[in-house]
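Visitor: Dumping the structure here so I can ask a few things about it.
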Amino acid sequence: MPAVPEGFAEAYRLQQARYPAAEPGRQPVHTVYVPADRFSARTVAEWGDQALSLVKAHLPSPGELAEVFGVPGALGAAVHERVVRKLSTEPVEDLRVDFEDGYGVRPGPVEDEHVERAVEAIASMHAAGTLPRRWGPRVKSFADGDPERSVRTLEGFVTGVMARAGELPAGFTVTFPKVLMEAYLGQFAAVLERLEAGLGTRLRFEMQVEAPQTLPFLRGDLNESLGGRLAAAHFGVFDYTAAIGLPPHEQRLDHPACDHARHVMQTALAGTGVELSDGSLASSPASDRTADVHALWRRHAELVRHSLGHGFYQGWDMHPSHLVSRFATVYAFHLARYDSYRERVRAWEERRSAGGGVMDEPATIRTLAAALRRADAALP
């Protein structure tokens, strides 16, 4: 019998730990972030109500949806019905109470007060059953030079929710922005480890990739080096494009420089179980005229389609109008190919041709099956 190469067992153990190759879970299709001073227990419902009002005023029929979003006519009704139902029942899947860029720098007592208010709102939503499936704060960056403020906000938020809700509700995560030094990741992970020791629950976090300095330390063993605490990496389009010197009118998610950064993220973190998400559109409708609302939806839909086509299935939304274009585009994306994907998988399993001259490889079948699972999770 051939001898097992020396060191193989340890290398294989590391492979299994580092690249678990797990099936895609139920990843949110978006993250909504709301400045902490504007957040209340009613925020999610208000966003849903505003988005529904826009649909009723500017997208009342499947035909209009098909025209605005370029959806084939046969899909218009299915997508329209799903969008209305989603906005009525779960308008926000992932919520961040923002204490960073959207919030700004406030005197310490003022931020402490907003932490308390946010905690009360989260506890109220939890009690009412309206807390999104994922939720948490975005704290300030260590790159700002004041880690104490970031940690104080995080600790006040987590311990406050625990005290008022009696537990840390499921779905909690914290977003850590502007990671300019790799050391900050380890320091933040240590903060979480210390904090969770008194809570009896495990804490994980999301990092934001918002600067070219971050790309070099993205690698396959990054999450492993952080004790498995890295849940996701989110690309920040505006900080990134500003950091590399792009002119203001080129600060857009579909710029080739953003594609490069996102592809680095994909390459570095593939197979690690770290989820990926990308940026946003810093625009709202120019007016309440239908033409302006439609223009905003079309542009946002272009960006969402671009991200979906590049394998980024989650993005950040900044305005209630974005919920409409986000869900419409995501649902159309999944529904357009669902039946053909399912038929190809079924044909493979039955060892027959799916037709159309397609010769599927095992890797393609795995991708098709993953796409179907992702669609099943995303579609209401």
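One line per residue, one yes/no per condition, for (1) surrounded by fewer than 22 Cβ atoms within 10 Å (Cβ to Cβ); (2) modelled with pLDDT of 95 or more; (3) charged (D, E, K, R); (4) more than 23 Å from Gln15 (Cα to Cα):
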position	(1), (2), (3), (4)
Thr153	no, yes, no, yes
Ala165	yes, no, no, yes
Gly228	yes, no, no, no
Val237	no, yes, no, yes
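Visitor: Here's a check for you: in the range 118-158, which residue that is in contact with a Leu (Cβ under 8 Å, 6 or more places away or on another chain) and of a type in the set (Val, Ile, Thr) is nearest to Ala211 (Cα to Cα)?
Guide: Val139
Visitor: May I ask you to verify whether Ala332 is hydrophobic (A, V, I, L, M, F, W, C) and either under 16 Å from Gln27 (Cα atoms) or buried (at least 23 other Cβ atoms within 10 Å of the Cβ) (or both)?
Guide: Against the criterion (hydrophobic (A, V, I, L, M, F, W, C) and either under 16 Å from Gln27 (Cα atoms) or buried (at least 23 other Cβ atoms within 10 Å of the Cβ) (or both)), Ala332 qualifies.
Visitor: Here is a follow-up. Within the range 243-256, track down each residue that is surrounded by fewer than 15 Cβ atoms within 10 Å (Cβ to Cβ) and of a type in the set (Gly, Ala, Ser).
Guide: Selection gives Gly245 alone.
Visitor: Looking at Val84 and the list (1) open to solvent by less than 30 Å² (accessible area, probe 1.4 Å); (2) β-branched (Val, Ile, Thr); (3) within 24 Å of Ser280 (Cα to Cα); (4) part of a helix (DSSP H, G or I), which single condition is not satisfied?
Guide: So Val84 meets the others, but not (1).
Visitor: Within the range 191-202, work out how many residues are more than 19 Å from Arg149 (Cα to Cα) and either among the aliphatic types (A, V, I, L, M) or touching a Leu at 6+ places or on another chain (Cβ under 7 Å) (or both).
Guide: Count: 3.
Visitor: I would also like to ask the following. Could you list, in sequence order, all residues of the range 129-166 that are β-branched (Val, Ile, Thr) and in a helix (DSSP H, G or I)?
Guide: Val151, Thr153, Val158, Thr159, Val161
Visitor: Restricting to the range 289-306, and then to whatever is in contact with a helix residue (DSSP H, G or I) (Cβ under 8 Å, 6 or more places away or on another chain) and touching a residue at least 40 places away in the same chain (Cβ under 8 Å), can you tell me which residue is most open to solvent (accessible area, probe 1.4 Å)?
Guide: Arg298
Visitor: Just for the range 106-143: of the residues that are out of contact with any Asp or Glu (no Cβ under 8 Å at 6 or more places or on another chain) and within 16 Å of Phe176 (Cα to Cα), which one is most open to solvent (accessible area, probe 1.4 Å)?
Guide: That would be Ala143.
One line per residue, one yes/no per condition, for (1) closer than 25 Å to Gly236 by Cα; (2) surrounded by 14 or more Cβ atoms within 10 Å (Cβ to Cβ); (3) touching a residue at least 60 places away in the same chain (Cβ under 8 Å); (4) not hydroxyl-bearing (Ser, Thr, Tyr):
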| site | (1), (2), (3), (4) |
| --- | --- |
| Gly273 | yes, yes, yes, yes |
| Trp316 | yes, yes, yes, yes |
| Asp360 | no, yes, no, yes |
| Asp376 | no, no, no, yes |
| Leu379 | no, yes, yes, yes |
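Visitor: Among the candidates Leu192, Leu215, which residue alone is assigned to a helix (DSSP H, G or I), aliphatic (A, V, I, L, M), farther than 19 Å from Gln266 by Cβ and out of contact with any Ser or Thr (no Cβ under 6 Å at 6 or more places or on another chain)?
Guide: When all the criteria are applied, what remains is Leu192.
Visitor: Something else about it: Mind checking which residues of the range 17-49 are assigned to a helix (DSSP H, G or I) and open to solvent by 90 Å² or more (accessible area, probe 1.4 Å)?
Guide: Within the range 17-49, just Arg38 meets the criteria.
Visitor: Right, something else. Checking the conditions here, which among Ala371, Ala328, Ala378 is aliphatic (A, V, I, L, M) and closer than 24 Å to Gln208 by Cα?
Guide: None of the others qualify; the one that does is Ala378.
Visitor: Being exposed (fewer than 15 other Cβ atoms within 10 Å of the Cβ) and either over 24 Å from the mean Cα position of the chain (by Cα) or not in a helix (DSSP H, G or I) (or both) is true for just one of Ala57, Ala66. Which residue is that?
Guide: Selected residue: Ala57, the only one of Ala57, Ala66 that is exposed (fewer than 15 other Cβ atoms within 10 Å of the Cβ) and either over 24 Å from the mean Cα position of the chain (by Cα) or not in a helix (DSSP H, G or I) (or both).
Visitor: Taking the range 102-118 on its own, how many of its residues are within 22 Å of the chain's Cα centre (by Cα) and either part of a helix (DSSP H, G or I) or basic (Lys, Arg) (or both)?
Guide: 1
The values are calculated or read from the model by the stated rules, or taken from the named source; none is laboratory data. Every value quoted in this text rests on a predicted model; they were computed, and no experiment measured them. Every residue, glycine among them, receives a Cβ derived from its backbone with ideal geometry; neighbour counts consider all protein chains shown. To get the accessible areas, we keep the full protein, side chains included, count just its heavy atoms, and leave off ligands, DNA and RNA. Shrake-Rupley method; radii C 1.70, N 1.55, O 1.52, S 1.80 Å.
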